[in-house]
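Asks: Quick one: the structure is below, and I'll ask about it shortly.
Please treat every number below as a calculation from the coordinates, not as lab data. Keep in mind it's a predicted model, so treat the numbers as computed, not measured. Cβ placement follows ideal geometry from the backbone for every residue including glycine, while neighbour counts extend to all protein chains displayed.
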Amino acid sequence: MVEEVKFLVEKYEFRNFLFRQSDFLLNKKRAKELCDVLLREKLNIRWAAELRWDNVNMRMVERMKSAGCERVILTIESLSVEKRVSKILSSILGLISLCQDLNMSCVITVILGFPGEKKLDSIFEFILKLSPQKNAYILLDLLSPLPGTPLLRNNKNGLIFNGNFIYSALNENRENQALIKKYPVIFSCFYIIEPKFISGNFYLEDFPLLESLLRNYSLSLYLITKDLKIGSLKLWFKMKEWLERKRIKCQRFATFNPEVDFKHNVCKFFPEFVKSLYPSRGKNFNSLCKIINLEERKFNLFEEIRKENNLRLKFKYF
């Protein structure tokens, strides 16, 4: 592996790497040897690795940092099993604290959409507890069964097309899209499993919009749920009602047109909704004003950068 890294560094001047393995520390001896060789070779690379929350070794994370690791990635599944939530939270907060001390970033991907999932409130509460942490980035994703797995075999008659081609090369290829819809078991990564206890429409219609809010206004959402003593799901449904009253339609997925995306992005309307919500609940909005304005500016800046990048791509390829 190190020889391959050396080849890419010397021939193509690569400097950033992601070591793809579901648990980099599964074989701690091998992980330590890799870190030792990277240190000895002095390749001066930056890299990231995936870990499991229940197999984190703090000393090994320190060793990884000394060998050039700048980011660790954790994927969490089945958070709806409540008895594990406190243990998972404790483990992750410990890792985040260490990453802060080592000036590393920590990405936590939470997977939703398991067939037996029941209580989404506890999952979103868990996510919001992590949101204020420095150097921690929370990502949400929906479960898609992979071909040939027991998960797919057991749920092949309950697949729902998620409607999202945007992040694949199939975006403009309607023939391939038709094949994907015709053979769901082969192209199962474009599907979710029909939930038993939660409306499938929530995952298809509400989840993409709520995920966007959590990504762009995580600290504001955390403070709002504390101020108003309201769950994040209940808050979302209140915003959904507000959007319907205003006759505002938000799109679920991003496109390659930043102007359209911004016009219909749910995040664009969130500050206005919150400003109307606080007085209706007898609360003073001033305490939250500075935080939500900062996150709004960050969101607007990101959209401007995305718009500029899109224009550069058009000039480059067209």
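Asks: Would you mind telling me the antiparallel percentage of the DSSP bridges in the chain, rounded to 5?
Replies: Working: 3 of 25 bridges.
Taking every DSSP beta bridge with both residues in the chain, the antiparallel ones total about 10 percent.
Asks: With the chain treated as a Gaussian network of Cα nodes joined by springs under 10 Å, which of Leu34, Leu143, Leu210 yields the largest mean-square fluctuation?
Replies: Leu34
Asks: Now a separate question. Helix-only mean residue ellipticity at 222 nm, the chain, DSSP H runs n ≥ 4 weighted -39,500 (n - 2.57), per residue, nearest 500. What is it?
Replies: -16500 deg cm²/dmol
Asks: Could you state, as a whole-number percent, how many of the C-alpha pairs of the chain are farther apart than 36 Å?
Replies: 27 percent
Asks: Under a 10 Å cutoff between Cα atoms, tell me which one of Ile96, Ile186, Ile73 has the largest fluctuation in the Gaussian network model of the chain.
Replies: Ile186
Asks: Something else: With springs only between Cα atoms under 10 Å apart, run a GNM on the chain and tell me which of Gly148, Gly113, Gly200 wobbles the most.
Replies: Gly148
Asks: What residues have an amide H closer than 5 Å to that of Val110, excluding those fewer than 5 places away on the same chain, when H is modeled at 1.01 Å from N in the peptide plane?
Replies: Counting only residues 5 or more places away or on other chains, the set is Ile76, Leu139, Leu140, Asp141.
Asks: A follow-up question, please. Where in segment 3-49 are there trypsin sites (Lys or Arg not before Pro) that are in a DSSP coil and have at most 15 other Cβ atoms within 10 angstrom of their Cβ?
Replies: Arg15, Arg20, Lys42
Asks: In segment 175-249, which trypsin sites (Lys or Arg not before Pro) fall in coil by DSSP and have 10 or fewer other Cβ atoms within 10 Å?
Replies: Lys229, Arg247, Lys249
Asks: For segment 1-143, how big is Rg over Rh, using alpha carbon atoms and the Kirkwood form of Rh?
Replies: That ratio is 1.02, to two decimals.
Asks: Using only the Cα atoms of segment 1-76, build the gyration tensor, take square roots of its eigenvalues as a ≥ b ≥ c, and label the shape rounded, prolate or oblate: rounded if a/c is under 1.5, else prolate if a/b is larger than b/c, else oblate. Please report the intermediate quantities before stating the final value.
Replies: Numbers: a/c = 2.08, a/b = 1.67, b/c = 1.25.
It is prolate, given that a/c is not under 1.5 and a/b is the larger ratio.
Asks: Could you work out how much longer the chain between Phe14 and Glu304 gets when fully extended? Use 0.36 nm per residue separation minus the Cα distance between them, nm to one decimal.
Replies: Computed gain between Phe14 and Glu304 is 101.6 nm.
Asks: Give, to the nearest whole percent, the P(r) tail of segment 189-239 beyond 18 angstrom, counting all Cα pairs.
Replies: Above the 18 Å cut-off, segment 189-239 has 39 percent of its Cα pairs.
Asks: Report, in order of residue number, the helices in the chain meeting two criteria: a C-alpha extent of 18 Å or more along the helix axis, and a mean Kyte-Doolittle hydropathy of at least -1.0; treat each whole DSSP H run as one helix.
Replies: Counting only whole DSSP H runs, the qualifying helices are 28-41, 85-102, 232-245, 266-280, 286-317.
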